[in-house]
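Worksheet for the structure shown next.
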Amino acid sequence: MSADPSSFLQKQVKIHSVTAKPELNNKIGIAQSFLSDRNRYLVSLPPHISPSPIALKADNLAIPSYPEIARGKLDELWGMVMTVYHDDNLKEVVRRGVTTVESRLPPNVKIHHVAIGTLILLLGTIYFIGFNKTVMLISLILMGCVVALPDIVAKRDIKSTVKNFPFRWKEAVEQNTGYRLSQRMATGVLVVILVLSSKVLLSPRTRPPTKSGMDTNLKESGISRNTGASFTMEEIYNLGFNDARNEKSIGDSLPADHASMTFKSSSYNFDYDDIDYDNYIPTPAPKKSKFGIGTIMALLAVGRTVKDLGFVGNRFESNLFIANVKNLPPMKLAFLCFMVYRVISVFI
């Protein structure tokens, strides 16, 4: 008998048609091994569903679609949240933590003051570095907390938690991707994510051009502001030139009611034929790097798909890969094409 008769090993599988334990139906797990003597796959599930792997027949397993995988991840996350919420040990840790924090605060400072200060800090972070960078920073922190959650629940000290973090990270990657990685490869993935995230977080924030006052723009143009709702052609030209020089959009310096304003005669002769327009073309802004977290996720998705569709054991079979791609459902094929385009677009 084949060691993997249904080609489920190291893949995410959906459980269905189980009558003995119907609560397992529609759950997403990973087929860890095949028990040839029992003709069953050993499927590992999230800890809140089953702490130990379950032996199931191939007839009760299927390859889930991407929406089913996403739904399974949400269910897994919600299950983890509820498990943590109902965990008495964790509640006791939180209570002790709150008590410890309160005991170290000044006499007139309460825990809710700290909460308000944290909220202000969060809003300040959003203001100074932007919403997207703040979300990324919080995501990195939460990711670390989730990976280290078993050690936190077990009440291990900070030194032991930090020491165990690489092994916890490796387990998390294998659980969520189905890849079997060496400890060095898992650590390398973590380092790459941290380096790319740091590059994004430390990059200078680009603010949208703001509406500057008309007096300031006219002063930079070397002319004085005329009274009344009218402009000379020289003023309009200089405003446009300053917009181009400062890489602003056309008309950015004009007031909101400029459409209703009138032009008045020039205070001096202005010969437009003497202007060297080539010197006034603004330098295009440098292109931003397209290689970010989204590209990394797309690259991982493409790699996982190629592994699932084209590898037999540790060997890539091109004919098998082509045949499996042709038999993909339209939605999965469209998703694969989008991911491939995302990766290729970085180099275009």
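The values are calculated or read from the model by the stated rules, or taken from the named source; none is laboratory data. Predicted model only: the values in this text are computed from it and were never measured. FYI the Cβ positions are ideal-geometry reconstructions off the backbone, even for glycines, and counts take in every protein chain you see.
Data for the structure
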item: Hey, M185 aliphatic (A, V, I, L, M) and modelled with pLDDT of 80 or more or not; result: yes
item: Output for the range 127-163, where each listed residue is in contact (Cβ under 8 Å) with a residue 12 or more places away in the chain and either of a type in the set (S, T, Y) or in a loop (DSSP other than H, G, I, E, B) (or both); result: G130, T134, A148, K155, T161
item: All positions within the range 317-334 that are modelled with pLDDT under 80 and not charged (D, E, K, R); result: N327, L328, P329, P330, M331, L333, A334
item: Those residues of the range 7-21 which are among the aliphatic types (A, V, I, L, M) and free of Cβ contacts under 8 Å to residues at least 12 places away in the same chain, in sequence order; result: A20
item: Cross-chain or 6+ apart pairs with Cβ under 6 Å, the range 331-348 first and without any contact (Cβ under 8 Å) to a residue 60 or more places away in the chain, then among the aromatic types (F, W, Y); result: V346/F291
item: Failed item, numbered, when G29 is tested on (1) within 31 Å of the chain's Cα centre (by Cα); (2) in a helix (DSSP H, G or I); result: (2)
item: Which listed residue is among the β-branched types (V, I, T) and either in contact (Cβ under 8 Å) with a residue 40 or more places away in the chain or outside any helix (DSSP H, G or I) (or both), from I49, I116, I120; result: I49
item: I54 modelled with pLDDT of 90 or more and either surrounded by 15 or more Cβ atoms within 10 Å (Cβ to Cβ) or of a type outside the set (K, R) (or both); result: yes
item: Test: residue in the range 94-116 that is modelled with pLDDT under 80, among the small types (G, A, S) and closer than 30 Å to K332 by Cβ; result: no
item: Tally, over the range 57-109, of residues that are surrounded by 15 or more Cβ atoms within 10 Å (Cβ to Cβ) and assigned to a loop (DSSP other than H, G, I, E, B); result: 2
item: So F165, is it within 23 Å of the chain's Cα centre (by Cα), modelled with pLDDT of 85 or more and loosely packed, with under 11 Cβ neighbours inside 10 Å; result: no
